[in-house]
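*Asks:* Below is one structure. I have some questions about it.
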């Protein structure tokens, strides 16, 4: 396969001016690669720049409280990435003297760094001949080879990793890897690929066979599960709100929320809320009116969040099923990091407050 010179020539002319490409500093490369996992480039840009402003070095990130890191990450999703980012920064600062490992094996020691991310950092920051294979590269390779098998199968993915290794040039491996990813993002798109403007279409078996729209082959997804969730906007006698911090080891770990949980069986939403608050915080509330309803999609399931106005009746909150809790003024909500669904509840609270004043 001799497409590499054409691909690199195209990249030299068309590479996007991205903020993380203005330096080969491994800290910047690592930060961008973690943020870009399962997230689009345009979404990442402002987050990357805000993180660099707040944490210009890996030592600054390592020294920051986790809550501040999560607050800056708020809205970017997949929050385990932020927790791993913070833990990895602490490891680099503590165990490696503030210097990132220079090998793939060394980088794989860092939390949140897998085979793809290690290859990307090693090749881009250090010029190491290390392959990458993400969704964009899989799509390019599947079309180049007119691959008829399901790319989600482990054996097929192993063969694609072998291709990534075999086709990797000795010269400019970092630019080559970025060129592959950029080609998949901008030209070899999932739908309606721009084949006539592709710099390597002459090497593409799927283009020659007219099968590019059928590649890559992927197993059809099943139905997406849906859950109803009840949450409490709980006030004490002085009007303060009760918020809870989710455990670090679960979904949205470390973020704050209006406490509650998933409805089970045939219980009503108020019954669900009363049960969850007893199980997680050991408190009793009077469930009042439904305040707002929010639909939200996660990667593998969807929820409908029903937020109820509640009055605290009895029981001092305890840290049973939560990492922490706090009684705060409504005006303090923006000081805490919340997931997207809870942010919609906060938005509705703020809109109501603006109407009243």
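*Asks:* Under 8 Å for C-alpha pairs, at least 6 residues apart: give me the relative contact order for segment 42-156, rounded to a whole percent.
*Replies:* Reported as a whole number, the value is 16 percent.
*Asks:* Still on this model: Taking the number of other C-beta atoms within 10 Å as the exposure measure, put 182, 286 in order starting with the fewest.
*Replies:* Listing 182, 286 from fewest to most nearby Cβ atoms yields 286, 182.
*Asks:* Mind jotting down the distance between the C-alpha centroids of segment 36-90 and segment 93-108, whole Å?
*Replies:* 18
*Asks:* Continuing with the same structure: Between residue 249 and residue 354, 0.36 nm times their residue separation minus their Cα-Cα distance comes to what?
*Replies:* Working it through step by step, the gained length comes to 34.2 nm.
*Asks:* At what distance in angstrom do the alpha carbon centres of segment 141-215 and segment 257-278 lie from each other?
*Replies:* 47
*Asks:* In nm, to one decimal, how far is the residue 329 label point from the residue 25 one, both placed 7 Å along Cα→Cβ?
*Replies:* 3.7
*Asks:* Another question, then. Using a Gaussian network model of the chain with C-alpha springs under 10 Å, which one of 304, 154, 57 is most mobile by mean-square fluctuation?
*Replies:* Greatest mean-square fluctuation among the candidates belongs to 154.
*Asks:* Report the semi-axes of the equivalent ellipsoid for segment 248-314 in whole Å, largest first, where each axis is √(5λ) for an eigenvalue λ of the Cα gyration tensor.
*Replies:* One finds semi-axes of 20, 15, 12 Å for segment 248-314.
*Asks:* Set the Förster distance to 25 Å, then compute FRET efficiency between residue 37 and residue 96 from the Cβ-Cβ distance, nearest 0.05.
*Replies:* Efficiency at R0 = 25 Å is approximately 0.70.
*Asks:* Relative to the longest principal Cα axis of the chain, at what angle does helix 4-14 sit, 0 to 90 degrees, rounded to 10?
*Replies:* 60
*Asks:* Over the chain, what is the relative contact order in percent, taking alpha-carbon pairs closer than 8 angstrom and at least six residues apart?
*Replies:* Over the chain, the number comes to 15 percent.
*Asks:* Follow-up question, since we're still on this one. When the chain is treated as a GNM, springs tying every alpha-carbon pair under 10 Å, which of 141, 201, 48 comes out with the largest mean-square fluctuation?
*Replies:* 201
*Asks:* Between helix 173-186 and the chain, what is the angle of the helix's C-alpha long axis to the longest principal axis, kept within 0 to 90° and rounded to the nearest 10?
*Replies:* Approximately 70 degrees, to the nearest 10.
*Asks:* Can you tell which of 175, 266, 166 shows the greatest fluctuation in a Gaussian network model of the chain with Cα springs below 10 Å?
*Replies:* 266
*Asks:* Still on this model: Viscosity 1.002 mPa s, temperature 20 °C: Stokes-Einstein D of segment 226-356 from its Kirkwood Cα radius, in µm² per second?
*Replies:* 146
*Asks:* What ranking do 167, 20 get, fewest neighbouring Cβ atoms within 10 angstrom at the top?
*Replies:* Going from sparsest to densest Cβ surroundings: 167, 20.
*Asks:* Here is a follow-up. Using per-residue counts of other Cβ atoms within 10 Å, averaged over each peptide, order 341-349, 226-234 from highest down.
*Replies:* 226-234, 341-349
*Asks:* Round to the nearest 10 and give me the degree value, 0 to 90, for the angle of helix 269-281's Cα axis relative to the longest principal axis of the chain.
*Replies:* 90
*Asks:* May I ask you to sort 272, 310 by Cβ crowding, counting other Cβ atoms within 10 Å and putting the fewest first?
*Replies:* Ranked by crowding around the Cβ, least crowded first: 272, 310.
*Asks:* For the chain, what does -39500 (n - 2.57) per DSSP helix run (n ≥ 4), summed and divided by total residues, give at 222 nm, in deg cm²/dmol to the nearest 500?
*Replies:* Per the formula, -13000 deg cm²/dmol.
*Asks:* Roughly what would the spin-label model give for residue 278 and residue 194, points 7 Å off Cα along C-beta, in nm?
*Replies:* The answer from the label model is 6.0 nm.
*Asks:* So between residue 87 and residue 264, what do we pick up on full extension, going 0.36 nm a residue minus the alpha carbon distance?
*Replies:* 60.2 nm is the gain from fully extending residue 87 to residue 264.
*Asks:* Can you give the Rg and Dmax of the chain based on its C-alpha atoms, in angstrom?
*Replies:* So, for the chain, Rg and Dmax equal 24.0, 73 Å respectively.
*Asks:* When DSSP beta bridges are limited to those with both residues in the chain, what percentage is antiparallel, rounded to the nearest 5?
*Replies:* Here the antiparallel bridges make up roughly 65 percent for the chain.
*Asks:* With every atom except the alpha carbons ignored, what do you get for Rg and Dmax of segment 4-214, in angstroms?
*Replies:* In order Rg, Dmax, the Cα atoms of segment 4-214 give 17.7, 55 Å.
Computed from the coordinates by the stated procedures, all read-outs in this text should not be read as laboratory data. These numbers were taken from a predicted model, which means no experiment stands behind them. Every residue, glycine among them, receives a Cβ derived from its backbone with ideal geometry; neighbour counts consider all protein chains shown.
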